[in-house]
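Each value in this text was obtained by applying a stated rule to the coordinates, not by laboratory testing. All values reported here derive from a predicted model rather than from experimental measurement. Please note: Cβ atoms are built from the backbone with ideal geometry, for glycine as well, and neighbour counts cover all protein chains shown.
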Amino acid sequence: MDIVGKIIQVLPLQEGTSKAGNPWKSQSYVLETQEQYPRKVCFEVFGEDRIKNNPCNVDDVVTVSFDIESREYNGRWYTSIRAWRVQQGVVNAAQPATTTATATTTPTAATTPMGQSTPNNATFDAIAQQDETEDLPF
């Protein structure tokens, strides 16, 4: 997944040692999207090499490619947004994995996390085209 925005805060670098004795580093940033209703998103860059290769400063406009992960600890859930690439400026990404299908593709159903089947955009496009050709009074 990708998100574009302006870095508004650089949080302190966190360092530690894993149970296996390996050192680790994590740098967190707060990004504000540039939409009609801006949102603030805190993301982290994990690993010394990634931190060095993806430098960010306050007021930089960046495109962040990230993964979202949730985990449970003592009955509570924690969600983290881990960036695996930070590019300066607005980058037009190639087709992300969650792109919508076009009307020329065969409509299929997508499965939601709750196991319910919902039609994708291609199905909605096909229904909309079908509705335009019908001449119903209601």
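For the reader, a short list of remarks on this structure follows.
- Listing I81, I8 from fewest to most neighbouring C-beta atoms within 10 Å gives I8, I81.
- The simple spin-label model puts a point 7 Å past each Cα toward its Cβ; for R82 and S70 those points are separated by 1.8 nm.
- From least to most packed, judged by other beta carbons within 10 angstrom and beginning with the fewest, T17, T33, T63 follow the order T17, T33, T63.
- 3J(HN,Hα) couplings calculated from phi for the stretch 59-74 with the Karplus curve 6.51 cos²θ - 1.76 cosθ + 1.60 (θ = phi - 60°) are, in sequence order, 6, 6, 8, 9, 10, 10, 9, 8, 10, 10, 9, 10, 9, 9, 9, 6 Hz; Gly and Pro show x.
- Residues S70, S65, sorted so that the one with the fewest Cβ neighbours within 10 Å comes first: S70, S65
- The alpha carbons of the stretch 2-88 give a radius of gyration and a Dmax of 13.8, 46 Å, in that order.
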